[in-house]
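Chemist: Pasting in a structure now, in structure tokens, and then I'll have a few things to ask.
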Amino acid sequence: MTNATASNVSAQDTNQTAQSEYVIQKPMAGTNLITELAKDTPTSFNFAVEDIRAMKLLSDGGLLISFTDGSTLTVSNFQAARENFPFNDIKMSDGTVANLNKMAQGLASTLPQDTVADLTILKPQGGLGKTELSFALQEGKTYTLGFDMKDVAGVEAKGDDLIVTFKDGSVLTLENYETTGDGVLPPQMTLADGSVIPASQLINVLNVAVADQVKDIQPAAGDASADATAKAAAAEAAQKQAQVNPNELAAIEPAAGTPGAGGAGGAGGYGFNSSVDPALINPLNPIGPLGVTSLAFDIPQLQLNGAVNAAAAPLTTTLVSPDRQTFEDTQVNLLISASSSDPAN
């Protein structure tokens, strides 16, 4: 028993030594978690300032932390820890150190004594009214944008402030923009659609609004006037064309080529001054057989070179060959002589 007890005591001492700080994890998206700060060891948050959407003190002394992903974390003993615990600093995952007393002071400024008007960021009147307006941001507060983002002409960060310029030339200055945005309890901005964003994102939201307006810009006055003039001229030309007299149209001379030249294969314009003669398509009248002609032909005469003696006797040729004898198995040569009845031969 003694050994077992000593072993248990040793294990407890080791656990306390190893546990140098108490880490509170961020809840999963869409879930709600209730926790407490450690009394005898430092507490740290395993989430960053940019993960927090808003903080609120509860009437029972608790702290409600709302995150950008819809989850919430309730620290039930926040007020007791601030007043009685030895560790008042909480380290966050991004290196930020949040002091419980400063957090309470910042959150206390958002109690019901703040009116809606105090938390509404308005646009300067512009025109003949006040053209410049300054609004000092404070940590832990949730503001409402009281102007239409379509009226914004430009936005820029200048030093610690955010400068918003409107189309009418008025200027809104949000003081302490950088300081409060980087603080432990950055102010929140409620947009016209009801969504809430950290103040540090306001510059991005306004820049997007300005860029969207550039896409919707109408043509300049000169372009619009030229377009309207072109449309009016086209309409007038169409009206005149509809009122042309057909007789005047027929008298129009061709622009190029010879009069009447046209068709797909022609090189000139169409002949608008041409006319068409009507012609009926009927069968031709018969003309009968052709009459007697005065043509006459003679029998052709044979033309010979030299005189021809029609009474001359026909010419004959006589062949003479002497008899020859030989054996049947030997060759024999015959001698043949020819004579003609023509005395010239």
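Here, each number is a calculation from the coordinates, and none is a lab measurement. As the structure is a prediction and not an experimental result, all values here were calculated from the model. So basically every Cβ, Gly included, is an ideal-geometry build from the backbone, and we count neighbours across all protein chains shown.
Chemist: From the Cα gyration tensor of segment 139-196, with a ≥ b ≥ c the square roots of its eigenvalues, which class applies: rounded if a/c is under 1.5, or else prolate if a/b is larger than b/c, or else oblate?
Modeler: Values: a/c = 2.92, a/b = 1.27, b/c = 2.30.
Because a/c hits 1.5 or more and a/b fails to exceed b/c, segment 139-196 counts as oblate.
Chemist: May I pose another question? Filter the trypsin sites (Lys or Arg not before Pro) in segment 146-192 to those in DSSP coil with at most 14 other Cβ atoms within 10 Å of their Cβ, and list the result. Walk me through the intermediate numbers first.
Modeler: Working: sites: K150, K158, K167; in loops: K167.
Counting only loop positions with at most 14 other Cβ atoms within 10 Å, the trypsin sites (Lys or Arg not before Pro) in segment 146-192 are K167.
Chemist: If contacts are Cα pairs under 8 angstrom and at least 6 residues apart, what is the relative contact order of segment 139-206 in percent?
Modeler: The normalised contact order for segment 139-206 reaches 35 percent.
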